[in-house]
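A.B. asks: Let me give you the structure first, and then I'll get to my questions.
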Amino acid sequence: MTVTHPIRVLLVDDQPLLRTGFRMILEAEADIAVVGESGDGEAALSDTRALQPDVVLMDIRMPRMDGVQATRAITGSARAQPPRVLVLTTFDLDEYVVEALRAGASGFLLKDVPADELVHAIRTVARGDSVVAPSVTRRLLDMFAARLPASDAPTPSSLDHLTAREREVLMMVARGMSNAEIAAELVVSETTIKTHVGNLLTKLSVRDRVQAAIYAYESGLITPGSL
């Protein structure tokens, strides 16, 4: 998603004081505009429809509708380019984080994130990238492996559309390797790896590397703890 206007951000958290703090940080940036605040997941859905944000900063644990349910509804919306969701959590190893990433979130931040990291994360997801290292995603998925499909589940047909090299790259992405590391391993240019990653994202209909890593687990291509 290319953002030519100030990045429109919706703040979603049941703690007004926290929303105020995030608003003060973000509104100090010329390229970011806070367009609204929501106190729970249900309000976030209606506010997203009304305000059309580029990025939703989403708390996970909230009354009425939690951040996982809200994320799933927002990222699966009818808009051609649904807003990116960046989830907030108190603990990085949290089963809710796994569910939020699987629901379509582009990454997560701890609630005590430094101001500069929050701003950088907003800009990163607005341009279509993720802000959680695939290695962290893998660690989370391994920890909460019981929630993933059984290893004898049928392999999705979309995997058949990948070339042998794209499948190899997908497995390396799921291992938490960067483009540079994959390029060194396969003895090709980093540009070539970027092309492979872009192609496999398109073929698998996933939005970013985090979703690709999750797909590799959910498809049975990788079993938790096997790498």
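A.B. asks: For R139, indicate whether it is of a type in the set (D, E, K, R), modelled with pLDDT under 90, farther than 16 Å from R207 by Cα and not assigned by TED's automatic domain parsing to the domain that holds E42.
C.D. replies: The answer is yes for R139.
A.B. asks: Okay, moving on. Is it the case that some residue within the range 31-43 is under 26 Å from T137 (Cα atoms) and crowded, with 19+ Cβ neighbours inside 10 Å?
C.D. replies: Yes, the range 31-43 has at least one match.
A.B. asks: Scan the range 93-134 residue by residue and report those that are within 14 Å of T75 (Cβ to Cβ) and part of a helix (DSSP H, G or I).
C.D. replies: Within the range 93-134, E99, A100, L101, R102, V125 meet the criteria.
A.B. asks: Separate question: Cβ-Cβ distance below 6 Å, separation of 6 or more or different chains: which pairs start in the range 108-126 with a residue that is touching a residue at least 24 places away in the same chain (Cβ under 8 Å) and end on one that is acidic (D, E) and not in a strand (DSSP E or B)?
C.D. replies: Filtered contacts from the range 108-126: V119/E29; A126/D54.
A.B. asks: Let me ask another. Would you mind stating whether E185 is surrounded by 15 or more Cβ atoms within 10 Å (Cβ to Cβ), in a helix (DSSP H, G or I) and either touching a residue at least 12 places away in the same chain (Cβ under 8 Å) or not charged (D, E, K, R) (or both)?
C.D. replies: When the stated conditions are applied, E185 does not pass them.
The values are calculated or read from the model by the stated rules, or taken from the named source; none is laboratory data. Only a predicted model underlies this, so the values are computations on that prediction, with no experimental measurement involved. As a convention, Cβ positions derive from the backbone with ideal geometry for all residues, glycine included, and neighbour counts pool all protein chains shown.
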